[in-house]
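To keep things clear, I will list the structure first and then write my remarks on it.
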């Protein structure tokens, strides 16, 4: 994959390694892009809009994505001028299929931190597939409208090992290995909790368990949720049970068959658990696949 820059400025990186590029120590916000939609079957165009601190649109780029190998991996934004450091950037991502309404959407409002290259993950989730839309200062996150503003001081510095699977071969998340042999588990509606096998718990280690969702828009595969993520993924409670995020829970329990009447357009069909690998966390890249598809889940197979 290459890396891209906008002089907000934008540079998109399509690819899996930045090793051949000279290290850039300037002030930047580097957006890490992943999409849970299959390319080009479920998404074939990506629009990236960048709005500077003064409210002016500095970039609007429409990427034709017909091959998963050429889906942008990073978007590096650098200040257009000194005034860019005085306010917040707005970055908007929209994924389309056949030129129709946005299939997936995400927005982030964040400020530069002078002298740092910030890593800003902006995953396009199935929970936001065909989402109805949020307010101007909000984004779809985990199937619900959440504030788009992000505290830059809580972001990590850019490190290719947090983005590219080939740069983190020992710690990347292998979807086929880790979730393809998942088992469906029942969910308690009262608290959206589910059982975690006792074998998953190991003293002093991250639980060896991964939780995935089978979505109606992609019924032939399961897509992993990040652990320790109460907004878009799942969390481990003091009761040692797993708990789904609010949006995923609402989608799972909403039995309305008409997507136009649903609170969340896409429907979580069921929850699956696997104990093959340590729980996936947010800043963990997917292992590089042979066909370029990463982050879209895995087809289920019998254990």
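Please treat every number below as a calculation from the coordinates, not as lab data. Source: prediction; values computed, not measured. Counting neighbours? That spans all protein chains shown, and the Cβs are built from the backbone with ideal geometry, glycine included.
What shape does region 165-303 have by the C-alpha gyration tensor, where a ≥ b ≥ c are the square roots of the eigenvalues, rounded means a/c under 1.5, and otherwise prolate means a/b greater than b/c and oblate the rest? Because a/c hits 1.5 or more and a/b fails to exceed b/c, region 165-303 counts as oblate. When a/c is below 1.5 the answer is rounded, else prolate if a/b is larger than b/c, else oblate, so apply that to region 85-230 with a ≥ b ≥ c taken from the square roots of the Cα gyration tensor eigenvalues. Oblate is the answer for region 85-230, as a/c is 1.5 or above yet b/c matches or exceeds a/b. Per-residue packing, averaged as other Cβ atoms within 10 Å, sorts the ranges 51-57, 217-223 into the order 217-223, 51-57, beginning with the highest.
The translational diffusion coefficient of the chain, from Stokes-Einstein at 25 °C and 0.890 mPa s with a Kirkwood hydrodynamic radius over alpha carbon pairs, comes to 125 µm²/s.
When the label point is put 7 Å from the Cα of residue 239 along its Cα-to-beta-carbon vector, which residues of region 170-199 have a backbone N closer than 20 Å? Answer for region 170-199: 184-199. Here is how the number arises for the chain: DSSP H runs of 4 or more residues each give -39500 (n - 2.57), the sum is divided by the residue count, and the result at 222 nm is -1000 deg cm²/dmol. Arranged from fewest to most other beta-carbon atoms within 10 Å of their beta carbon, 107, 161 become 161, 107. The ranking of 112, 96 by Cβ neighbour count inside 10 Å, starting from the fewest, reads 96, 112. Working from Cα pairs under 8 Å separated by at least six residues, relative contact order for region 168-274 is 32 percent. Shape class for region 131-170, computed from the alpha carbon gyration tensor (a ≥ b ≥ c): oblate, with a/c not under 1.5 and a/b at or below b/c. How do 199, 141 rank when sorted from fewest to most other Cβ atoms within 10 Å of their own Cβ? By the 10 Å Cβ count, ascending, the order reads 199, 141. Peptides 279-285, 33-39, ordered by how many other C-beta atoms sit within 10 Å of their residues on average, highest first, read 33-39, 279-285. At full extension, residue 176 and residue 191 could sit 2.4 nm farther apart than now, given 0.36 nm per residue minus the alpha carbon distance. Using R0 = 30 Å, the C-beta based FRET efficiency linking residue 83 and residue 166 works out to 0.20.
To the nearest µm²/s, what D does Stokes-Einstein give for region 2-164 at 25 °C and 0.890 mPa s, using the Kirkwood radius over alpha carbon pairs as Rh? Stokes-Einstein gives a translational diffusion coefficient of 156 µm²/s.
Stretched out straight at 0.36 nm per residue, the stretch from residue 216 to residue 113 would grow longer than its current Cα-Cα span by 33.0 nm.
Remark: the residue 98-residue 255 segment gains 53.7 nm on full extension, using 0.36 nm per residue and subtracting the alpha carbon distance.
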